[in-house]
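Participant: One structure coming up, written as structure tokens, with questions to follow.
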Amino acid sequence: MAHKLPALPYDFNALEPNIDAETMMIHHDRHHQAYVNNLNAGLEAYPEQQEMSALELMVNFDSLPEGLKPAVQKQGGGHVNHSMFWTIMSPDGGGEPGGLLASEINDAFGSFDEFKAAFKAAAGGVFGSGWAWLVVNSDGKLAITATANQDNPVFTEGSLPILGLDVWEHAYYLKYQNKRPDYIEAFFNVINWDQVGKYLAMIRVGEGVVAMQDWAAEKKAMLQDFLGSLTD
Ligand code: MN
């Protein structure tokens with residue numbers, strides 16, 4: 001089973017002027033495609049693991065053959081992270097979240113504006129290539145974190161991402177050059193809060209089901225529920 005590039009859920013120019021069409025085309029059709037291609041290439045010598053989904057590869061990382069791990073961490077991570085990234089942006093995005101997500105953001109950060117300031121600081125503070133994330137941490141609370149390269153917080157700290165911002169230069173350099181803070185501000189104009197809220201709701205439903213069980217063990221199943229449909 002070869003891994004495949006998921007379709008972008010809107011046109012390349014749909015996020016203009018916040019994110020330009022050329023960046024979206026190169027980012028999706030070339031960079032994300034390269035992660036998919038390189039993941040498939042990395043799997044060529046491992047027929048057993050070729051049957052696993054990208055997410056299965058990631059959640060079973062510790063038991064993978066050592067020679068396969070770099071491809072899964074880098075290329076598999078790139079595939080999963082970008083597959084989520086496309087879904088949490090929308091031409092109808094921006095503004096502020098509502099419902100459960102809004103109340104949890106207020107509880108965790110004090111207000112939406114305080115959350116936004118903290119997220120912008122985290123994204124601006126990534127040295128080199130990486131991501132900033134809004135996650136449900138292992139205590140079950142919303143938190144902001146950052147990862148290097150294509151690492152996903154489920155592995156670096158055992159938290160579940162519901163929003164991720166790609167701050168690799170390939171994500172913004174054509175339009176914003178060295179002005180990463182401007183890109184981060186523009187990202188807030190296209191965040192699909194409805195989708196982020198859906199990811200949070202899926203985690204909360206899962207927590208109710210497994211409340212008396214080991215959260216750390218069950219988080220993999222939850223991740224599979226809400227990210228599994230994004231990748232093959
Ligand atoms: Mn990227």
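Participant: Got the relative contact order for the range 21-87 handy, in percent, Cα pairs under 8 Å and 6 or more residues apart?
Facilitator: Dividing the mean separation by the residue count of the range 21-87 yields 40 percent.
Participant: Go through 159-165, 42-48 and give me the packing order, highest mean Cβ count within 10 Å leading.
Facilitator: Result, highest mean first: 159-165, 42-48.
Participant: Next question. In percent, what relative contact order does the chain have, based on Cα pairs under 8 Å that are 6 or more apart in sequence?
Facilitator: For the chain, the relative contact order is 25 percent.
Since every read-out is calculated from the coordinates, none of them should be taken as a lab result. These numbers were taken from a predicted model, which means no experiment stands behind them. So basically every Cβ, Gly included, is an ideal-geometry build from the backbone, and we count neighbours across all protein chains shown.
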